[in-house]
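Read the structure below first, then the notes.
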Amino acid sequence: MLLLARIIKSQQQWSIIPVIQMRKNGIVLKYTSRNFENSCAYSSSRSSDTTKSSSDNWTGNRKFSVLKGSDFDLSCAPAERPNLSADLNKMFRQSAVNLLEQPRDKVTQWLDSFDAVITDCDGVLWVYSNIIEGSVETMNRFKELGKKIFFCTNNSTKTRTELLEKAVFLGFSIEEDSIISTAHSAAAYLKNRNFNKKVYVIGTTGITRELDSVGIDHTPVGPDVMEGTLQQYLSQHFKPEENIGAVLIGFDEHFSFPKMTKAASYLSDPDCLFIATNTDERFPMPNLVIPGTGSFVRAIQTCAEREPLVIGKPNPGICEWLIKRNVINPARTLMIGDRCNTDVLLGYNCGFQTLLVGTGIHHLNDVAEWQSSTDPELKKLIPDVYLPKLGDLLQFM
Ligand SMILES: [Mg+2]
């Protein structure tokens, strides 16, 4: 782990160029998509904490649970995608055209077709502490042009306040209310269920600080290592806590066998909620595969034999409150991302326009595979437009 930490630290000094050129494969697209539906199905059919919200619902063929946030009304998308008629009027509806190959006046016209921008962070705006070239100027220019901007991240390692501090430090003009994060949303979700038990957390202080801010008790985070043999561990060191009412999983660099054992044991109680901040499989890193939260979630899912409620993208609940409160008009909203099975799929689920940038996980050759596929789930991952990097838009603004 120390060696890995050193490698990661050294990666942070790298130029962004190797990241832009990086090519990633090995995604589990169909899993994530199904998992989303299963997650919602689970939350409605099996969660039964004593404070269960009456707003859990099932509609149509697709099943979505309703989430609620403390400072906003979070609810998953309706059975049918909104704005399908508006969809038909999109200039580049799921064509994945490279905007750099389009006539300038057409790109200008496209820029005028939205007045709200929701962007992913890692792989679009920055990679760790490195700004992706042109991202600050482009996002700030959107704002100068009068467009509403929102940062929406599945990264659970920071609180919303910490994300704001990072964004402002890097030069972005953004307010805390415009930052949508899974750690904050997970805490808000529990708060609005009037959750009054203790949360077993697999994650980091990003989650525990958000839980603290809404007064929800939780277990500590950090290393929980295996001591001795399994038999010795179970007989001498395994001490389950009482009053655990939810297992909440986010990114945890100290993920371990004891944590798996505890989480799955708590989840053997059908009344214990099972919540995941997100299911991203991996982080964008050159020459290394860093497991993402989805890897830990899948491990717990397997031994617990249960499906989690996934708070983050592509669950439309993460930003449905913006639509419900008329903060944004889906047809005139652009979703920007580097990962299609979270960012672009969120855009699809909400009826947003979508832009894929090639500075992270997915690239045009991935899109080409989906375009030639007959699987309707893969078709949902095709973005409207593509750019090598977000900063490429500046020349049109
Ligand atoms: Mg990303």
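Read the figures in this text as sums done on the coordinates, not as results from a lab. If you're wondering where the values come from, they're calculated on a predicted model, not measured in any experiment. Neighbour counts are summed over all protein chains in view; Cβ atoms, including those assigned to glycine, are modelled from backbone coordinates with ideal geometry.
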If we sort 147-158, 227-238 on the protection proxy, mean other Cβ atoms within 10 Å, highest first, what's the order?
147-158, 227-238
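Most exposed first by the Cβ proxy, i.e. fewest other Cβ within 10 Å, how do LYS166, LYS262 rank?
With the fewest neighbours first, LYS166, LYS262 line up as LYS166, LYS262.
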Give me HIS362, HIS254, HIS218 sorted ascending by neighbouring Cβ count inside 10 Å, so fewest comes first.
HIS254, HIS218, HIS362
Between LEU273 and residues 5 or more places away or on another chain, the pairs with built amide H atoms under 5 Å apart involve ALA246, VAL247
Among the aspartates and glutamates, which fall within straight-line cross-link reach of LYS379, defined as a Cα-Cα distance under 16 Å, with same-chain neighbours fewer than 8 residues apart omitted?
ASP87, ASP343, ASP366, GLU369
Setting aside same-chain residues fewer than 8 positions from LYS197, which aspartates and glutamates have a Cα under 15 Å from its Cα?
ASP49, ASP212, ASP217, GLU241, GLU242, ASP269, ASP271
Efficiency by 1/(1 + (r/R0)^6): what FRET value for ARG141 and GLN371, r their Cβ-Cβ distance, R0 = 35 Å, to the nearest 0.05?
0.70
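In terms of the ratio Rg/(2.2 N^0.38 Å) built on C-alpha atoms, what value belongs to the range 203-348?
The value comes to 1.21.
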Debye log10 I(q)/I(0) at q = 0.26, 0.27 Å⁻¹ for the range 258-301, Cα point scatterers:
-0.92, -0.96
Once you put a point 7 Å from the Cα of GLU242 and another 7 Å from the Cα of SER173, both along the Cβ direction, what distance in nm separates them?
5.6 nm
At 7 Å along the Cα-to-beta-carbon direction for both ASP271 and ARG325, put a label point, then send me their distance in nm to one decimal.
3.4 nm
Between PHE396 and SER213, how high is the FRET efficiency from 1/(1 + (r/R0)^6) when r is the Cβ-Cβ distance and R₀ = 56 Å? Nearest 0.05.
0.90
Under a plain spin-label model, where a point goes 7 Å from the Cα along Cα-to-Cβ, how far apart in nm are LEU288 and ASN196?
4.5 nm
Gain in span if fully extended, SER235 to PHE257, counting 0.36 nm per residue against the direct Cα distance:
6.4 nm
Förster-model FRET efficiency, 30 Å R0, ARG332 and LYS379, C-beta, rounded to 0.05
0.80
Give me THR374, THR277, THR333, THR219 sorted ascending by neighbouring Cβ count inside 10 Å, so fewest comes first.
THR374, THR219, THR333, THR277
